[in-house]
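The structure under discussion appears below in the form of structure tokens.
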Amino acid sequence: MMVRLSDLKPGQEATIEEFESSELLLKLMEMGCIPGEKILVEQVAPLGDPISVSVSGYHLSLRKNEAEIILVNIKD
């Protein structure tokens, strides 16, 4: 099931499928957010911004607008 990364809750793991916008594509790929990579949501700030994730062996903080353009496939 494809959803936005920003919709996941802490502890949920998914696989990055694609990006909805090419605006931040290069920046996200440089940070290790590459289609096919597993991504784990570690924490979400109380107001939903930023979102702490683990991907490609790195811990990243993504702004909500960055997480919204990353489409992921949730493990069922």
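Here, each number is a calculation from the coordinates, and none is a lab measurement. Please read all numbers here as calculations on a predicted model, not as lab measurements. Don't worry about glycine lacking a Cβ; one is built from the backbone with ideal geometry, like all the others, and counts go over all protein chains shown.
The table below gives the values:
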item: Local electrostatic count at VAL72 - Lys and Arg +1, Asp and Glu -1, tallied over other residues with Cβ under 12 Å; result: -4
item: In Hz, Karplus ³J(HN,Hα) per residue of the range 45-53 (6.51, -1.76, 1.60; θ = phi - 60°; x = Gly, Pro); result: 4, x, 9, x, 8, x, 10, 9, 10
item: In Hz, Karplus ³J(HN,Hα) per residue of the range 62-68 (6.51, -1.76, 1.60; θ = phi - 60°; x = Gly, Pro); result: 10, 6, 4, 5, 6, 5, 5
item: Equivalent ellipsoid, the range 2-74 (semi-axes from 5 times Cα gyration tensor eigenvalues, Å); result: 16, 13, 12
